[in-house]
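Please treat every number below as a calculation from the coordinates, not as lab data. Quick caveat: nothing in here was measured; it's all calculated off a predicted structure. Note that each Cβ is placed from the backbone with ideal geometry, even for glycine, and that neighbours are counted across all protein chains shown.
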Amino acid sequence: MKKSWSYLQMKWLATAQIVFGQSSLALETFNKMAARFGLDAYILSSRAHLKAQSGNTVAALQDYRELCDHHGPSAAHWFNMGFIQETLGQLEAAENSFRQAVALDERLDRAWYGLGLVLIQLSRAEEAIVALKRNTQLQPMSPHGWYQLARIHEQRQEPEEVAKIIRHLQGFEPKVAAQLMSETGINAQANRA
């Protein structure tokens, strides 16, 4: 569908307002666009993002629900909704949203990580390990998934698994490896298998 000139002008205005740090004005512009043109996916996602940034997570969640329910399947929208739901403590809903995201795009590493965090909070360690391992396969150089895996293995009293992760992290994130050794009391060299 071809957008009208006035739609494009308002879109450019909102973009400029964001660039110049005028997020509240940009939100007003998106609200005016919604009133004038209806709630398309661009308006909803932009508005939801600005609401979330300003701390209005409940309103952001409403926009993300609208996006996911009425504007076609999008792994990014499901991920964003899951992130907001987790922030609000809606863990079961967040789990569902992250699972929807990875069903739509199994390479969305952030959704696997979010799913792992939610499963940890739901005390479902086995499932969390699966999700976090998938995250580390997709993002092997990011320490976040590795760190969470090490914490799970520590809680399960599996020091040799923690030591393997610490040794792995020493190769590219020595500060995170040192933090894990400090927090867990596990010396990766002493636990070499």
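Straight-line cross-link partners of residue 133 among the lysines, defined as a Cα under 24 Å from its Cα and at least 8 positions apart when in the same chain: 164, 175. Normalised by the number of residues in the chain, the average gap of Cα pairs under 8 Å and 6 or more apart makes the relative contact order 9 percent. Which loop chymotrypsin sites (Phe, Trp or Tyr not before Pro) in the stretch 104-187, with loop taken from DSSP, have no more than 16 other Cβ atoms within 10 angstrom of their Cβ? For chymotrypsin sites (Phe, Trp or Tyr not before Pro) across the stretch 104-187 that sit outside H, G, I, E and B with at most 16 neighbouring Cβ atoms in 10 Å, the list reads 172.
Between the C-alpha center of the stretch 1-80 and that of the stretch 83-145 there is a gap of 25 Å. Sorting 69, 63, 109 from the fewest to the most surrounding beta carbons within 10 angstrom yields 69, 109, 63. In the list (i) 12.8; (ii) 14.8; (iii) 12.0, the label attached to mean projected area of the Cα convex hull in nm² as derived from the coordinates here is (i).
Please identify every one of the chymotrypsin sites (Phe, Trp or Tyr not before Pro) in the stretch 1-50 that sits in a loop by DSSP and has no more than 15 other beta carbons within 10 Å of its own beta carbon.
Counting only loop positions with at most 15 other Cβ atoms within 10 Å, the chymotrypsin sites (Phe, Trp or Tyr not before Pro) in the stretch 1-50 are 20.
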